[in-house]
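Below you'll find the structure, written out as structure tokens, and then a few comments.
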Amino acid sequence: MALHKEFQGNFEDFSYGVVFDPGGRAVPISRFWDKNTAILIFLRHFGCIACRAHAQEIWSNREKLEKAGGRIVFIGNGEPSYIEGFKKDFNLEVAPIFTDPTLKIFKLGGFLRGFTHLVNLKSLSNIKTLASEGHKNGNPLASGIGDNFQMGGVIVVNPGPRVNYHYVSEALGDTPTSNDITTQIL
């Protein structure tokens with residue numbers, strides 16, 4: 001786990017980045033924190049067992065996160081056409097989910113990418129734990145579902161803007177809980 005109080009990288013460049021809605025339209029990422037604290041949940045890809053489990057855990061605790069002043073936004077990296085299926089499969093129909101198949105916003109956000117982050121003992125242990133809890137993998141090798149070597153994380157940005165929390169996942173399944181995030185919103 002890599003938890004940072006400061007943003008890792010150039011926040012100005014990050015704030016000018018874009019993500020894409022389910023229709024493929026570009027949306028400035030800075031829109032998410034212009035009026036509210038944004039809890040940006042970066043998902044590895046839409047077929048990942050850990051991403052699915054993380055999205056479910058965060059969304060099931062959305063009332064607590066929203067009460068603390070945060071607005072949850074999920075950002076994947078698969079093609080926009082996968083967003084609606086992901087929402088339906090996990091009862092996230094009203095969740096704001098965007099994507100960046102170019103991986104530019106992931107790079108600007110300081111998130112890790114590489115074979116050794118995916119294939120290591122920590123990732124294997126996390127997969128085993130998630131599977132024993134009943135979580136299932138999608139089809140991680142499906143074309144357009146996302147980049148298997150991309151890791152995710154969480155960035156909490158207050159209006160102003162000010163980054164309160166930057167969590168960079170170092171392995172598959174290395175994700176903070178909603179309780180970890182709640183303490184960092186204000």
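A few points about this structure:
- Where a residue in the stretch 21-41 is farther than 15 Å from residue 69 by Cβ and its partner, wherever it lies, is of a type in the set (S, T, N, Q) and open to solvent by less than 70 Å² (accessible area, probe 1.4 Å), with Cβ under 7 Å and at least six apart: 29/15; 30/15
- Whichever residue in the stretch 78-132 is under 22 Å from residue 170 (Cα atoms), of a type in the set (S, T, N, Q) and assigned to a helix (DSSP H, G or I) and, among such residues, is least open to solvent (accessible area, probe 1.4 Å): 123
- Flag for residue 35 being over 22 Å from residue 173 (Cβ atoms), at pLDDT below 95 and either part of a loop (DSSP other than H, G, I, E, B) or of a type in the set (A, V, I, L, M, F, W, C) (or both): yes
- Looking across 109, 114, 76, one residue alone is within 12 Å of residue 43 (Cα to Cα) and small (Gly, Ala, Ser). It is 76.
- Taking the stretch 46-77 as the range and being touching a strand residue (DSSP E or B) at 6+ places or on another chain (Cβ under 6 Å), open to solvent by less than 10 Å² (accessible area, probe 1.4 Å) and in a loop (DSSP other than H, G, I, E, B) as the test, the residues that pass are 46, 77.
The values are calculated or read from the model by the stated rules, or taken from the named source; none is laboratory data. As the structure is a computational prediction, the values presented were derived from the model and not from experiment. So basically every Cβ, Gly included, is an ideal-geometry build from the backbone, and we count neighbours across all protein chains shown. Heads up: the accessible areas ignore ligands, DNA and RNA and are worked out on the full protein's heavy atoms, side chains in. Shrake-Rupley method; radii C 1.70, N 1.55, O 1.52, S 1.80 Å.
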